[in-house]
Amino acid sequence: RRQTSLLMREIRAHSRTDRKLQKAKEAAEAANQAKSRYLIGISHELRSPLNAISGYAQLIQRDPDIPARRRDAIKVIRHSSDHLAGLIEGLLDISKIEAGHLTIYRDRFNLQDFLTQIVDMFRLQADAKSIEFRFLPSGNLPIHVYGDEKRLRQVLINLLSNAIKWTHFGSVTLKVGYQNQVAEFSVIDTGIGIAERDLERIFIPFERVETAESSSIPGTGLGLAITKLLTEVMGGDIGVQSSLGNGSTFRVRLLLSAAQTPDRPAPAEKQ
Ligand code: ADP
């Protein structure tokens, strides 16, 4: 009897701890939601004055009568406001994803056309830097798939822009494979590479790898954080392989079914 009552006491203590843990979790979640709502609000509020600043700077820049010294100053205003706009958009994206305010669609789209558009866009950018751009589709790529075309485009644009940005010689390759309804996109570059100790960090908001070069290359440090969050809310995953001086490979895997599958729910949105 004594043993049974000890056991009962232990069970009660456990369930008290469980309830406390549950409460703490709920409080943390509520605080997180409040933080995201706050950030969404701030980002919205910052947008309109910033639009006015960059709009007027553009207007003044077009004036043929302004002296050269002023022209440089206006250029700095425009660059700074563009950078700020990038930060605000990035923060807004992250807050929306974290608050679960981002709807992920599962619509039918033409994967071949989608890839052609992306390849055309980046071939031009690579040409401008005298880098080779290679597109390597493999396997049986379906023509139509179901997924969120806009978000997938955002993911690939972020990875390809980074690849071009950090590559000065050689090539940038987009490889696309497809197996068992899962698409695998690899963005491979022969650029500066990333040291092993920095590989985890680069997916964290505002983290940039400090090198003599990176301080002169513009960026917000938000692109990869957004890319990872977007990939995950679409139900996919992202990985990177890189070493300093030897280029990088970013790989995204994602379910892109070739047929509508009503019995399979769309990838869950983060709550
Ligand atoms: P941003 O490019 O705006 O700084 P990102 O989040 O896109 O921010 O990238 C974070 C950091 O990761 C970059 O500052 C850069 O140091 C590093 N990085 C990202 N992609 C590459 C790449 N393809 N090659 C080398 N370094 C990269």
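The values are calculated or read from the model by the stated rules, or taken from the named source; none is laboratory data. Nothing here was measured: the structure is a model prediction, and the numbers come from that model. All Cβ positions, even for glycine, are placed from backbone atoms using ideal geometry, and neighbour counts span all protein chains on display.
Is it the case that some residue within region 153-172 is more than 21 Å from the chain's Cα centre (by Cα), in a loop (DSSP other than H, G, I, E, B) and free of Cβ contacts under 8 Å to residues at least 12 places away in the same chain?
Scanning region 153-172, I find no residue that is more than 21 Å from the chain's Cα centre (by Cα), in a loop (DSSP other than H, G, I, E, B) and free of Cβ contacts under 8 Å to residues at least 12 places away in the same chain, so the answer is no.
Among the residues of region 118-138, is any assigned to a strand (DSSP E or B), surrounded by 19 or more Cβ atoms within 10 Å (Cβ to Cβ) and within 16 Å of the ligand (Cβ to nearest atom)?
For region 118-138, residues assigned to a strand (DSSP E or B), surrounded by 19 or more Cβ atoms within 10 Å (Cβ to Cβ) and within 16 Å of the ligand (Cβ to nearest atom): present.
Go through Leu222, Leu199 for me and flag whichever is surrounded by 18 or more Cβ atoms within 10 Å (Cβ to Cβ) and within 11 Å of the ligand (Cβ to nearest atom).
One residue alone meets the criteria, Leu222.
Going by the conditions given, is Arg264 assigned to a loop (DSSP other than H, G, I, E, B), of a type outside the set (Asp, Glu), modelled with pLDDT under 90 and near the ligand (Cβ under 8 Å from one of its atoms)?
no
Out of Leu222, Leu159, which single residue is within 24 Å of Ile104 (Cβ to Cβ) and either modelled with pLDDT of 95 or more or touching a strand residue (DSSP E or B) at 6+ places or on another chain (Cβ under 7 Å) (or both)?
Leu159
Test of understanding: among Val182, Val240, which residue is within 12 Å of the ligand (Cβ to nearest atom), in contact with a Lys or Arg (Cβ under 8 Å, 6 or more places away or on another chain) and aliphatic (A, V, I, L, M)?
When all the criteria are applied, what remains is Val240.
Just need a number here: residues in region 65-83 that are in a helix (DSSP H, G or I) and of a type in the set (Asp, Glu).
2
Say whether the condition of being under 20 Å from Thr231 (Cα atoms) and either within 16 Å of the ligand (Cβ to nearest atom) or in a loop (DSSP other than H, G, I, E, B) (or both) is met by at least one residue in region 105-117.
Yes, region 105-117 contains at least one residue that is under 20 Å from Thr231 (Cα atoms) and either within 16 Å of the ligand (Cβ to nearest atom) or in a loop (DSSP other than H, G, I, E, B) (or both).
Of all residues in region 139-152, count the ones that are exposed (fewer than 14 other Cβ atoms within 10 Å of the Cβ) and either in a loop (DSSP other than H, G, I, E, B) or at positive phi (or both).
So the answer is 3.
Mind checking which residues of region 185-196 are at pLDDT 95 or above and more than 7 Å from the ligand (Cβ to nearest atom)?
Phe185, Ser186, Val187, Ile188, Thr190
Would you confirm whether any residue within region 88-97 is within 30 Å of Met234 (Cα to Cα), modelled with pLDDT under 90, more than 17 Å from the chain's Cα centre (by Cα) and surrounded by fewer than 16 Cβ atoms within 10 Å (Cβ to Cβ)?
no
Count, please, the residues in region 188-241 that happen to be touching a Gly at 6+ places or on another chain (Cβ under 8 Å), assigned to a loop (DSSP other than H, G, I, E, B) and either closer than 24 Å to Glu89 by Cβ or small (Gly, Ala, Ser) (or both).
The qualifying residues number 9.
Being within 11 Å of the ligand (Cβ to nearest atom), hydroxyl-bearing (Ser, Thr, Tyr) and touching a residue at least 40 places away in the same chain (Cβ under 8 Å): is that true of Thr231 here?
no
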